[in-house]
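Colleague: I am attaching a structure below and will ask some questions about it afterwards.
The values are calculated or read from the model by the stated rules, or taken from the named source; none is laboratory data. Note that this is a predicted model, so its numbers are computed, not measured. Cβ coordinates were reconstructed from backbone atoms using ideal geometry, including for glycine residues, and neighbour counts include every protein chain displayed. Accessible surface areas use protein heavy atoms only, side chains included; no ligands, DNA or RNA. Shrake-Rupley method; radii C 1.70, N 1.55, O 1.52, S 1.80 Å.
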Amino acid sequence: MFSMAPLGYLFLLCLLAPANTDFVINGLRNIQKRSTQEPINDVEIYSINIDSKVTSRFAHNVIKSRAVNRANISKEAFFDVDLPKTAFITNFSMIIDGVTYAGEIKEKEVAKKQYETAVSRGQTAGLVRASGRKTEKFSVSVNIASQSKVTFELVYEEMLKRNLGKYEMLIQVKPKTIVKQFKIEVDIYEPQGINFLDATATFITNDLLPVVKKSFAGNKGHISFNPTIDQQRKCLTCADTLLDGVFTVTYDVNRETPGNIQIVNGYFVHYFAPSKLPEVPKNVVFVIDRSGSMSGTKMTQTKEALLKILMDLKEHDHFNYVIFDDRIDEWKDSLIKATPEKVEEAKTFITGISARSMTNINDPLLRAVDLLDKAHKQNYLPNNSVSMIILLTDGDANTGESDPARIQENAKNKIQGRYTLYCLGFGHHLDYSFLEKLALENAGVARRIYEDSDAQLQLQGFYDEVANPTLMDIEIQYPENAVSDVTKSSYKQYFDGSEIVIAGRIIDNDLNSFTSEVKAKGALDSLYYKEEVDLKEKDDAQKQQEYIFGDFTERLWAYLTIQQLLEKRVFAKEPEKSNLTAEILELSLNYKFVTPVTSMVVTKPEEKDKPQDTFIADKFVDGIKDSHSVFAIQKQTATGGNKKVERVDSDPHFVIQVPKKKDALCFNIQEHPGIILNLIVDPELGIAVNGELIGKKSSGNLISNETFFGKLGLINKGMELKIEVNTDKIIVKNGEKKTTFSWQEIVTLREDGLELFINKKNVFLSMGEGAKFVIILHKVWKNHPFNRDFLGFYTLDNHKFSASVHGLLGQFFHGIDFEISNVHNTADPAKPDASMFVKNRLLTVTRGSQKDYMKDAINGSKVPCWFVHYNGQGLIDGNHTDYIVPNLFSIG
């Protein structure tokens, strides 16, 4: 089931590495060198505790991991946790040798400067980054002295949302090793009383079932999971842990009345979730993308989901389909009642959908609005009914109206607040921020549908969330002049099994009672709910709240306010956007939340001979451009990765660094446009990189022999990965899944061993261990008479390649030696010739320089080198023609 906002929460993994290994900025880490004789258990993770306390749906979570270094040398330990995307970190601290180093929340730019300073010194840093559907990863490492201990403690908070009649906590358990003390403790306090409480796990065996303890009575509930060392083993003699999967806690509360108001310390929280109401009929227009990029698995999954959704329609519902690419087709010219006969007819229509051409989003959206308008004007739809549009697309508009801002404006002006628009984005390369704005401006939500085997279930799961509306036009009011700073209190729709939560401040200290009034429309008539709380009795209630933590109402108010301000900021324009940002910042700093405008800094005081280490917890939000992601690429390329960078750039100039000589060798390859050259091939690892040459534009009688790389193909057979990078786009094919990115995007992607960062003019790629590359896009003036856009290719990490690695660059990965003698002047004093002894050959070489564009992608910097003539003859193995391959994805 695709849940709207579960508390998906723990993935804990500590990795061991020698003390001198690099921890790369932004959570990327260099592959650690390890001797095969080195013991792997010097750093022992002996304790992992997850302690979650939930008061009235607000969860306060503490994750502690303790490790000890038993070696007689220092070691490095890593602490990785997957957090819910909707959670806010409130504290991170480390206890090292009894000294606590606590976090401090700072404005994002202030923290960023401190972070950059630390990283530029080669110090350790950690960041929160997107890592999955519902989670983002917090990563940090620390050096542990010999015979010392470290305790990591991470605290974060989140409001649990009710969905389909339950609150759900998903605890991802992946310790990766058997732990002496592993414990999950969940304490729940719900003043309304707990209706049911359950806990399960994907890794639970019959032997482990008794280890899951669960109990509840009245308004308190408790869950614990504390397996022994033997119970963690996969088998009696195994060293591998059985704990690898998801631990799930679900519960709901008693609901004697539709609403429940809780007041603590001058703040109120109002929960509203009426039950047993008749469903409001719904009128749905499904707007389905059938452009060419939807072909294959995506289209199959979409049709399967549509068929299942079709069977779930009620006979009082009305529906229609608008199918689009660069052409629009409607199933019917009006909305149709979901009778059994029409449902059967619709099945045939859905089955016949096939992927075709380009993507026009604007026109089919407006057509869907026209269909709803027509049906309402003809009084064909029930008076008390909910009308909605559900858009599913996997790409950006590339025909018709293609400006996202204009499409948003057109949709908003056409809908005029009458209908709800939900936007489902299929895949990674789409403009998700565009879909988010489109939905939020029309009272809906956007959701990303991930291209996994269960995409059909994700689509169906989203529909299940909105399939059962029971109220419309909900307005909630509180005593006039008695409250302030109230969060959102009007809602277009309420769906069965969900919950509306409102919070605010009580400013009238003399108030004896607190009243809420709810007005809404139901399936048959208008509805009115009233609830009153006697404030004279609030002291007893407040004492009960202290069972968990007494200020939860205030923190929940701040949490809700920040979330709603962030949502509002998505489509705000200046100066409103700046005002919203300032308000979010003030609340984030006051309540110590790591949000998109703040970061958490942890500074370990400097030792005698070492500068201080700085750690950053930084919030990633989908659709917001992240300056740290940009910095990650720039900083890594600027420092040279592992300080030995082979590269090819410009015409095409190959540059081979030779660190022990503090020098470099360079050569050119002259071939015709269209020729594909092998740069790297490692048959043992199944990795290859090839580049296709392009020439300059032809102009009259001017002929140029200069060529450049216009396309690069990267292959990893073991990962079933093929990546094409050209001057227009980046195409990632992982098995049957194909994703396309534009150079104009800022993208952070991690999945199945692939790490990809795009920053408009450079791409960082990591394809498993020891294969890290940067590709730089050189843009020229659009109407330049001769020059074209071209690519530069740089290796950052190549030490993991096997001894059999080869190619024009690959053959130099494990080093080369040479001797220079007989340096003598030529006609150009700046370019002396010399004799070079290399590979048992004596060559004549010329001193010169080539450009390195890693630090400055526009102007570059000069790299002195010895130039080997005649296509590198004598330096490279064989002839340069031996490196010509038949296609971009040739390997071996």
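Colleague: Work out the charge dipole of the chain with +1 on the Cβ of Lys and Arg and -1 on the Cβ of Asp and Glu about the Cα centre, then indicate which of 352, 515, 677 is farthest towards its positive end.
Modeller: 677
Colleague: Provide Rg and Dmax in Å for the stretch 676-796, with only Cα atoms included in the calculation.
Modeller: 15.4, 51
Colleague: OK, next. Under 8 Å for C-alpha pairs, at least 6 residues apart: give me the relative contact order for the chain, rounded to a whole percent.
Modeller: Values: 2062 pairs, mean separation 95.9, N = 892.
That works out to 11 percent.
Colleague: How large is the accessible surface per residue of the chain, computed with a 1.4 Å probe and reported in Å² as a whole number? Don't skip to the answer; put the middle values down first.
Modeller: Values: 37340 Å² over 892 residues.
Ligands and nucleic acids excluded, the figure is 42 Å² per residue.
Colleague: How far apart, in nanometres, would the label points at residue 229 and residue 398 be if each is projected 7 angstrom from Cα along the Cα-to-Cβ direction?
Modeller: For the pair residue 229/residue 398, the computed spacing is 5.8 nm.
Colleague: Let me ask another. Of the GluC sites (Glu not before Pro) in the stretch 453-499, which ones lie in a loop per DSSP and count no more than 12 other C-beta atoms within 10 Å?
Modeller: 480
Colleague: D for the stretch 40-83, whole µm²/s, Stokes-Einstein with Kirkwood Rh over alpha-carbon pairs at 4 °C and 1.567 mPa s: what number?
Modeller: 103
Colleague: Same structure, new question: So between residue 822 and residue 515, what do we pick up on full extension, going 0.36 nm a residue minus the alpha carbon distance?
Modeller: Value of the extension gain: 101.0 nm.
Colleague: Between the stretch 166-184 and the stretch 842-892, what is the separation of their alpha carbon centroids in Å?
Modeller: Each part's Cα centre sits 51 Å from the other's.
Colleague: Over the stretch 834-892, what is the relative contact order in whole percent, taking alpha-carbon pairs under 8 Å and six or more residues apart? If you can, show how the numbers build up before the last one.
Modeller: Numbers: 64 pairs, mean separation 15.2, N = 59.
The value is 26 percent.
Colleague: Which Cα, out of 690, 251, 572, lies furthest along the positive dipole direction of the chain (beta carbon charges, K/R +1, D/E -1)?
Modeller: Of the candidates, 690 comes out farthest on the positive side.
Colleague: So what is the diffusion coefficient of the stretch 743-878 in µm² per second by Stokes-Einstein at 25 °C and 0.890 mPa s, using a Kirkwood Rh over Cα pairs?
Modeller: 137
Colleague: Ok, one more. Compute and list, largest first, the equivalent-ellipsoid semi-axes of the chain from the alpha carbon gyration tensor, each √(5λ) rounded to a whole angstrom.
Modeller: Output for the chain: semi-axes of 53, 36, 24 Å.
Colleague: Using a simple spin-label model with points 7 Å from Cα along the Cα→Cβ vector, what separation in nm is obtained for residue 315 and residue 490?
Modeller: It is 3.7 nm.
Colleague: So what is the 222 nm mean residue ellipticity for the chain from helices alone, if each DSSP H run of at least 4 adds -39500 (n - 2.57) and you divide by all residues, rounding to the nearest 500 deg cm²/dmol?
Modeller: Dividing the helical sum by the residues of the chain leaves -5500 deg cm²/dmol.
Colleague: If you take the Cα Rg of the stretch 223-324 and divide it by 2.2 N^0.38 Å, with N the number of residues, what do you get?
Modeller: It is 1.90.
Colleague: For residue 354 and residue 379 in the same chain, what is the full-extension length gain: residue separation times 0.36 nm, less their Cα-Cα distance, in nm?
Modeller: Value of the extension gain: 5.6 nm.
Colleague: In angstroms, what radius of gyration and Dmax does the stretch 139-232 have, counting Cα atoms only?
Modeller: That works out to 16.7, 52 Å for Rg and Dmax.
Colleague: Quick one: Cα centre-to-centre distance for the stretch 354-415 and the stretch 572-606, in angstrom?
Modeller: Taking the Cα centre of the stretch 572-606 as reference, the centre of the stretch 354-415 is 36 Å away.
Colleague: I want to verify the translational diffusion coefficient of the stretch 350-461 in µm²/s; compute it with Stokes-Einstein, Rh as the Kirkwood radius over Cα pairs, at 37 °C and 0.692 mPa s.
Modeller: After rounding, the answer is 219 µm²/s.
Colleague: Then there's this: Around residue 360, what is the net charge, scoring Lys/Arg as +1 and Asp/Glu as -1 over all other residues with Cβ under 10 Å from its Cβ?
Modeller: Taking every other residue near residue 360 into account, the sum is -4.
Colleague: Please list, by residue number, everything in the stretch 403-420 whose backbone N is under 11 Å from a paramagnetic label point 7 Å out along Cα→Cβ of residue 573.
Modeller: Hits in the stretch 403-420 for residue 573 at 11 Å: 406, 409.
Colleague: By how many nm would the segment from residue 534 to residue 183 grow when fully extended, if each residue of separation counts as 0.36 nm and the alpha-carbon distance is taken off?
Modeller: Between residue 534 and residue 183, full extension yields an extra 122.3 nm.
Colleague: Loop-only trypsin sites (Lys or Arg not before Pro) in the stretch 442-536, please: DSSP not H, G, I, E or B, and at most 16 other Cβ atoms within 10 Å.
Modeller: 488
Colleague: Debye calculation, C-alpha points only, no solvent: report log10 I(q)/I(0) for the stretch 753-830 at q = 0.13, 0.14, 0.20 Å⁻¹, in the same order as the q values.
Modeller: Log10 of I(q)/I(0), two decimals: -0.68, -0.74, -0.93.
Colleague: Determine Rg/Rh for the stretch 300-391; Rg is computed over alpha-carbon atoms and Rh is the Kirkwood hydrodynamic estimate from the same atoms. Intermediate values should be presented prior to the final figure.
Modeller: Working: Rg = 13.4 Å, Rh = 14.0 Å.
Over the Cα atoms of the stretch 300-391, Rg/Rh equals 0.95.
Colleague: Quick check: from the Cα gyration tensor, does the stretch 337-410 come out rounded (a/c under 1.5), prolate or oblate?
Modeller: Because a/c hits 1.5 or more and a/b fails to exceed b/c, the stretch 337-410 counts as oblate.
Colleague: Starting from the Cα gyration tensor of the stretch 272-344, take the square roots of the eigenvalues, sort them a ≥ b ≥ c, and report rounded, prolate or oblate (rounded when a/c is under 1.5, otherwise prolate if a/b is larger than b/c, else oblate).
Modeller: Here the stretch 272-344 falls in the prolate category.
Colleague: For the chain, build the charge dipole from Cβ charges (+1 Lys, Arg; -1 Asp, Glu) around the Cα centre, then report which of 763, 818, 152 sits farthest towards its positive end.
Modeller: Value computed over the given set: 818.
Colleague: With a/c under 1.5 counting as rounded, go ahead and sort the stretch 232-390 into rounded, prolate or oblate using the C-alpha gyration tensor (a ≥ b ≥ c being the square roots of the eigenvalues; past the cut-off, prolate if a/b is larger than b/c, else oblate).
Modeller: Judged from the Cα gyration tensor, the stretch 232-390 comes out oblate (a/c at least 1.5, b/c at or above a/b).
Colleague: Size of the dipole of the chain about the Cα centre, Lys and Arg at +1 and Asp and Glu at -1 on the beta carbon, nothing else charged, in debye to 20?
Modeller: The dipole magnitude comes to about 1800 debye.
Colleague: To continue, here is another question. Tell me, what does the Kirkwood hydrodynamic radius of the stretch 800-892 come to in angstroms if you use every pair of distinct C-alpha atoms?
Modeller: With all distinct Cα pairs of the stretch 800-892 included, I get 15.6 Å.
Colleague: How far apart, in nm, are two points set 7 Å out from the Cα along the Cα-to-Cβ line at residue 107 and at residue 779?
Modeller: About 3.0 nm, to one decimal.
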